[in-house]
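Trainee: Here it is, the structure in full.
Since every read-out is calculated from the coordinates, none of them should be taken as a lab result. Bear in mind that the values here come from a model prediction, so they are computed numbers and not experimental data. All Cβ positions, even for glycine, are placed from backbone atoms using ideal geometry, and neighbour counts span all protein chains on display.
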Amino acid sequence: MSISHEKKMDLLVSLCKRRGFVYPDSEIYGGFANAWDFGPYGIELKNNIRDEWWMRFVKMRDDVVGIDTPIIQHPKVWEASGHLQNFSDPLVECKKCHRRFRADHLLEAKQAEPGYDKEKPIQLSDIRCPNCAGEFTDVMNFNLMLKTFIGVKEDSASVAYLRPETAAGMFTTWMNVRDTMRKKPPFGIAQVGRVFRNEITPGNFIFRLREFEQMEIEYFVHPDDAPRAFEMWLEEYKSWCTDVLKLKSDNVVYHEIDEVDRAFYSKRSIDPEYRFPFGLKELGGLANRTDWDLSRQQELSGEDLSWFDADSGTRYTPFVIEPTWGLTRSVLAVLSEHLDIDEADTAETGEKEPRMVLRFPPRLSPIKAAIFPLTKKEGMPELAKKLAADLRVQGITVEYDESGSIGKRYRRQDEIGTPWCFTIDGETMTSGTVTVRYRDSMSQERLPLADVVHFVQNHIQRNSVL
Ligand SMILES: [Zn+2]
């Protein structure tokens with residue numbers, strides 16, 4: 001069943017709260033704008049995406065190693081990266097109500113209005129404050145890095161920044177990793193972590209946040225090898241979206257960035273964009289950043305970051321291919337992609353009623369199996385609890401539920417995306433079989449109680465979803 005885009009976002013936000021995926025942060029204080037808490041199912045979903053990524057791009061590859069660097073690094077790092085000078089958004093302030101807006105977002109919104117005349121370019125002076133219709137100030141540049149102070153004194157010498165991206169850590173460790181891990185180009189360094197941006201207009205639920213998580217690789221190559229490596233990572237990106245997140249290919253667009261819109265040091269950039277309910281928006285990035293980052297860090301640190309290739313007897317500064325995945329945005333894309341409404345029979349009357357279901361790929365599901373005793377007597381709870389324990393021991397996330405009708409219990413598991421429910425009933429006692437009920441088709445069949453652990457293990461094998 002298709003759900004309208006506007007309705008989908010409302011459904012998603014309310015489902016996320018009702019079912020423990022994402023809550024408004026600090027709600028006991030009336031909430032805190034654009035801050036969200038990941039609840040018990042939300043963190044499982046996020047961790048599952050992160051773990052799949054790490055498995056696929058670090059553990060299963062010979063040419064990528066992982067690191068973890070601090071959120072607060074030496075301030076020189078951000079001078080070298082250009083963030084101190086250039087990491088800013090154009091900002092205007094309403095002269096009347098003093099609210100601040102992104103100038104580029106205001107222009108975009110105006111251009112998206114029905115009846116907008118493309119021949120007549122919109123000026124910012126034509127736009128009034130959406131809140132109070134007041135006039136705006138001139139555009140100011142607003143640095144997006146969050147600033148803090150290190151130590152006991154709050155002076156300019158103690159200023160430090162919360163990282164706005166994870167990439168810099170890979171450039172500052174490049175020399176140590178290179179020298180200790182006996183890797184030579186082409187090879188990559190990977191990191192997953194939290195980054196901070198003082199966004200002026202965050203929004204769209206967990207899409208644009210002040211703090212969020214990235215999964216990032218800096219892949220170091222000989223300059224001549226950069227085009228090949230770029231294509232390789234583009235294919236990896238596509239395969240990740242299709243085979244792991246199971247995003248429909250219609251919903252992902254690989255947007256090639258024109259030369260005029262690219263960063264000056266970038267030779268090629270592609271923005272993978274996902275069709276969120278509120279529009280086609282960036283999911284991550286892929287760029288050939290040339291030797292710019294290593295050269296800049298070399299310039300400011302005075303350390304030689306070039307590479308001597310013993311085989312060819314040549315020295316060069318590697319080019320860097322940078323694929324970046326937004327982890328928090330991937331959670332939102334997966335939730336949005338797999339949220340569906342179909343129809344199910346009601347337990348009581350047999351009539352049809354709408355059913356909300358999260359059709360997650362099983363490896364990403366927060367809970368893999370739900371175990372129900374049909375009733376609370378005749379030894380069924382004991383047997384069901386034993387089965388749940390047997391699954392947990394294997395590292396399989398399980399939920400045991402004995403309350404309410406079976407129909408209600410199924411519905412709850414559908415809403416958190418649990419692929420299989422197993423019911424212990426009277427027949428289990430006599431024939432040793434249980435009912436397995438499939439989330440997507442709602443069909444049921446019986447299988448031996450003794451086979452349940454294997455059933456789940458087989459169905460979540462990596463090979464069965466990749
Ligand atoms: Zn205003």
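Trainee: So if I take the centroid of the Cα atoms in the stretch 178-214 and the same for the stretch 21-80, what is the distance between those two points in Å?
Mentor: Here the answer is 8 Å between Cα centres.
Trainee: Additional query: Kindly put 16, 132 in sequence by how many other C-beta atoms sit within 10 Å of each C-beta, fewest to most.
Mentor: Listing 16, 132 from fewest to most nearby Cβ atoms yields 132, 16.
Trainee: Can you sort 430, 173, 148, 166 by how many other beta carbons sit within 10 Å, fewest first?
Mentor: With the fewest neighbours first, 430, 173, 148, 166 line up as 430, 148, 173, 166.
Trainee: Between rounded, prolate and oblate, where does the stretch 164-231 land on the alpha carbon gyration tensor, with a ≥ b ≥ c its root eigenvalues, rounded for a/c under 1.5, else prolate if a/b exceeds b/c?
Mentor: Prolate, since a/c reaches 1.5 and a/b exceeds b/c.
Trainee: Which value in deg cm²/dmol, rounded to the nearest 500, describes the helix-derived mean residue ellipticity at 222 nm for the chain, given -39,500 (n - 2.57) per DSSP H run of n ≥ 4 and division by the residue count?
Mentor: When only DSSP H runs of four or more count, the value is -9000 deg cm²/dmol.
Trainee: Now, a different point. Note down the relative contact order for the chain as a percent, whole number, built from C-alpha pairs under 8 angstrom at least six residues apart.
Mentor: 13
Trainee: Moving on to the next point. Please list, in order, the residues from the stretch 375-390 whose amide nitrogen is less than 19 Å from a point placed 7 Å along the Cα→Cβ vector of residue 455.
Mentor: 375, 380-390
Trainee: What shape does the stretch 108-244 take by its C-alpha gyration tensor, where a ≥ b ≥ c are the square roots of the eigenvalues and a/c under 1.5 counts as rounded, a/b above b/c as prolate, and the rest as oblate?
Mentor: oblate
Trainee: Antiparallel versus total DSSP beta bridges in the chain: what percent is that, nearest 5?
Mentor: So the antiparallel bridges in the chain amount to around 85 percent.
Trainee: If you don't mind, another one. So, in Å, what gap is there between the alpha-carbon centers of the stretch 364-428 and the stretch 118-132?
Mentor: So the two Cα centres are separated by 57 Å.
Trainee: Take the Cα pairs of the chain, get the Kirkwood Rh, then feed it into Stokes-Einstein at 20 °C and 1.002 mPa s and tell me D in µm²/s.
Mentor: After rounding, the answer is 85 µm²/s.
Trainee: Relative contact order for the stretch 367-465 using alpha-carbon pairs under 8 Å, separation at least 6, rounded to a whole percent?
Mentor: Relative contact order for the stretch 367-465 comes out at 27 percent.
Trainee: How high is the relative contact order of the stretch 89-143, given as a whole-number percent (alpha carbon pairs under 8 Å, six or more residues apart)?
Mentor: Relative CO of the stretch 89-143 lands at 50 percent.
Trainee: Please give, to one decimal in nm, the separation of the simple spin-label points placed at residue 259 and residue 309, each 7 Å out from Cα toward the Cβ.
Mentor: Those two pseudo-labels are separated by 2.6 nm.
Trainee: Around residue 378, under 12 Å between beta carbons, what's the net of Lys plus Arg minus Asp minus Glu among the other residues?
Mentor: Result for the local shell: -1.
Trainee: Do any chymotrypsin sites (Phe, Trp or Tyr not before Pro) in the stretch 27-88 lie in a DSSP loop with no more than 13 other beta carbon atoms within 10 Å, and if so, which?
Mentor: In loop regions of the stretch 27-88 (DSSP not H, G, I, E or B), the sparsely surrounded chymotrypsin sites (Phe, Trp or Tyr not before Pro) are 32.
Trainee: Only bridges with both residues in the stretch 298-401 count here: give the DSSP antiparallel percent, nearest 5.
Mentor: Approximately 75 percent, going by the DSSP bridge assignments.
Trainee: Next up: Count the net charge of all other residues whose Cβ sits under 11 Å from the Cβ of residue 173, scoring Lys and Arg as +1 and Asp and Glu as -1.
Mentor: For residues surrounding residue 173, the net value is -2.
Trainee: Continuing with the same structure: Ranked highest first by average number of other Cβ atoms within 10 Å, how do 185-195, 316-326, 386-396 line up?
Mentor: In decreasing order of mean packing, 185-195, 316-326, 386-396 become 316-326, 185-195, 386-396.
Trainee: So if I take the centroid of the Cα atoms in the stretch 136-174 and the same for the stretch 290-344, what is the distance between those two points in Å?
Mentor: Taking the Cα centre of each part, the stretch 136-174 and the stretch 290-344 sit 20 Å apart.
Trainee: Let me check I've understood the local charge: for residue 300, count other residues with C-beta under 15 angstrom from its C-beta, Lys and Arg +1, Asp and Glu -1. What total comes out?
Mentor: Net charge around residue 300: -4.
Trainee: While we're here: As an exercise, use a Förster radius of 51 Å and the Cβ-Cβ distance of residue 133 and residue 341 to find the FRET efficiency, rounded to the nearest 0.05.
Mentor: In this case the efficiency is close to 0.85.
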